[in-house]
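Here's the structure we're looking at; comments come further down.
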Amino acid sequence: MNLKIQIISMLFSFLFGIFLSFLVNLNYRFLFLGKSIRKCICNLVFFTMMGVIYFFILKGINDAIIHYYFLLLLLLGFYLYFAWKKNM
């Protein structure tokens with residue numbers, strides 16, 4: 001994988017982490033409140049869909065090669081949006 005594809009993949013992972021955090025905050029009521037059966041099903045469906053979307057977009061960028069630093073940037077984007085939202 002060349003450097004340009006790695007940089008694009010890292011940027012995508014970071015931005016997807018921000019997007020994922022935004023969606024978790026937006027769907028907080030459905031994901032963390034309510035009956036336990038409904039909560040488990042909503043969590044499972046939501047995070048499965050987000051994982052599949054991440055995988056398919058990454059497949060288009062770099063043939064779905066996932067390195068540990070892509071996942072670290074995903075978590076960093078998630079955390080930074082969460083911290084920013086908390087301070088607002």
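Numbers at a glance
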| quantity | calculated |
| --- | --- |
| Helix 68-87 axis, angle to the chain major axis (alpha carbon atoms, nearest 10°) | 50 |
| Relative contact order (%) - criterion: Cα under 8 Å, at least six apart; region: segment 3-87 | 55 |
| Residue-averaged [θ]222 nm for the chain, counting only DSSP H segments that reach four residues, each worth -39500 (n - 2.57) | -29500 deg cm²/dmol |
| For segment 4-17, 3J(HN,Hα) per residue [Karplus equation, 6.51 cos²θ - 1.76 cosθ + 1.60, θ = phi - 60°, Hz, x = Gly/Pro] | 4, 5, 5, 5, 4, 5, 5, 5, 4, 4, 5, 5, 5, x |
| 3J(HN,Hα) from dihedral phi, segment 36-51, Karplus parametrisation 6.51/-1.76/1.60, rounded to Hz, x for glycine, proline | 5, 5, 5, 4, 5, 5, 5, 4, 4, 5, 4, 6, 5, 5, 5, x |
| Reference-scaled alpha-carbon Rg (2.2 N^0.38 Å with N residues) for the chain | 1.20 |
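Only the coordinates and a few stated rules stand behind these numbers; no lab work does. Worth saying up front: this structure is predicted, and the values here are computed from it rather than measured.
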